[in-house]
Amino acid sequence: MDLRADSKAMRLRLQDLSIIEQVVLALSFILFAVYVLDPFFLERAKALAPEARHTLRAVTNIGRSNWMLITAGSLVALALVLKRRHLGFRNAAGYGLIASTLGFVFVSVGGAGLIANLTKYILGRARPKLFDTTGPFDFQLFSFTPDYASFPSGHATNIFALATVLSMLWPRGKVLLYTVAVWIAASRVLIGQHYFSDALGGAILGTAFP
């Protein structure tokens, strides 16, 4: 039995899935998480030690889009300024390439985050802190309030979009990038800000957008 051949065939089959098939698969994972994993991880989050919760709150801040967008946008502006100042063709072309690459990072993170924010406020899923009074299936469409903005997780969307686009530019760092992304997404669940399915939905959106 050739395990390498089987693994390669599996990768090819997954890559050959149509958009509709990918959406169905993603929705199936999310629904499974809603019914099976959300209650489990909610209980684990409630039982978490205060020290661990404090550490995870520090970790979760890395998933904010502010620093990603500000850093990428500033570097794009700097590269464009340097491109104008260096009139040599090679230097100008090099700075132009840097600007376009960083622009890709900016658009990927910003675009995924925008979709996540629009989706969460349109769907209006109640956050886990309301679980005891409303349950996991309370939705207030177009609520535009923080307490009803649980799905998908914006932090998970941001960090997975960043990990995905950076892994395209730095393939060898893919494992490290996605490991960091998983920890940040998990922190949102473990500090009780999101259900597991919220983080999963954000991870799928962030990975698919770039």
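The values are calculated or read from the model by the stated rules, or taken from the named source; none is laboratory data. Every value quoted in this text rests on a predicted model; they were computed, and no experiment measured them. Every residue, glycine among them, receives a Cβ derived from its backbone with ideal geometry; neighbour counts consider all protein chains shown. These area figures cover heavy atoms from the full protein model, side chains too; ligands, DNA and RNA do not enter into them. Shrake-Rupley method; radii C 1.70, N 1.55, O 1.52, S 1.80 Å.
Tabulated data
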| quantity | calculated |
| --- | --- |
| Inter-residue pairs, beta-carbon under 7 Å, first over 15 Å from Gly110 (Cα atoms) and in the stretch 54-68, second at pLDDT 90 or above and open to solvent by 20 Å² or more (accessible area, probe 1.4 Å), 6+ apart | Leu56/Leu190; Val59/Trp183; Thr60/His155; Thr60/Arg188 |
| Residue check, Ser143 assigned to a loop (DSSP other than H, G, I, E, B) and farther than 19 Å from Met68 by Cα | yes |
| Pairs with Cβ under 6 Å, 6+ apart, first in the stretch 124-145 and closer than 16 Å to His194 by Cβ, second outside any loop (DSSP other than H, G, I, E, B) and polar (S, T, N, Q) | Ala126/Thr134 |
| Single residue of Gly113, Gly103, Gly94 found to be without any contact (Cβ under 8 Å) to a residue 60 or more places away in the chain and under 22 Å from Gly192 (Cα atoms) | Gly113 |
| Tally, over the stretch 114-123, of residues that are in contact with a Leu (Cβ under 8 Å, 6 or more places away or on another chain) and crowded, with 20+ Cβ neighbours inside 10 Å | 1 |
| Subset of the stretch 124-140 that is in contact with a strand residue (DSSP E or B) (Cβ under 9 Å, 6 or more places away or on another chain) and outside any loop (DSSP other than H, G, I, E, B) - its residue that is surrounded by the fewest Cβ atoms within 10 Å (Cβ to Cβ) | Phe139 |
| Helices (runs of 4 or more DSSP H) lying entirely in the stretch 1-94 (those with 1 or more residues that are under 23 Å from Phe131 (Cβ atoms) and either at pLDDT 80 or above or open to solvent by 50 Å² or more (accessible area, probe 1.4 Å) (or both)) | 19-32, 38-46, 50-60 |
| Selection status of Arg172, in a helix (DSSP H, G or I) and open to solvent by 60 Å² or more (accessible area, probe 1.4 Å) | yes |
| Test result for Ser197, outside any helix (DSSP H, G or I), touching a helix residue (DSSP H, G or I) at 6+ places or on another chain (Cβ under 9 Å) and over 14 Å from Ala112 (Cα atoms) | no |
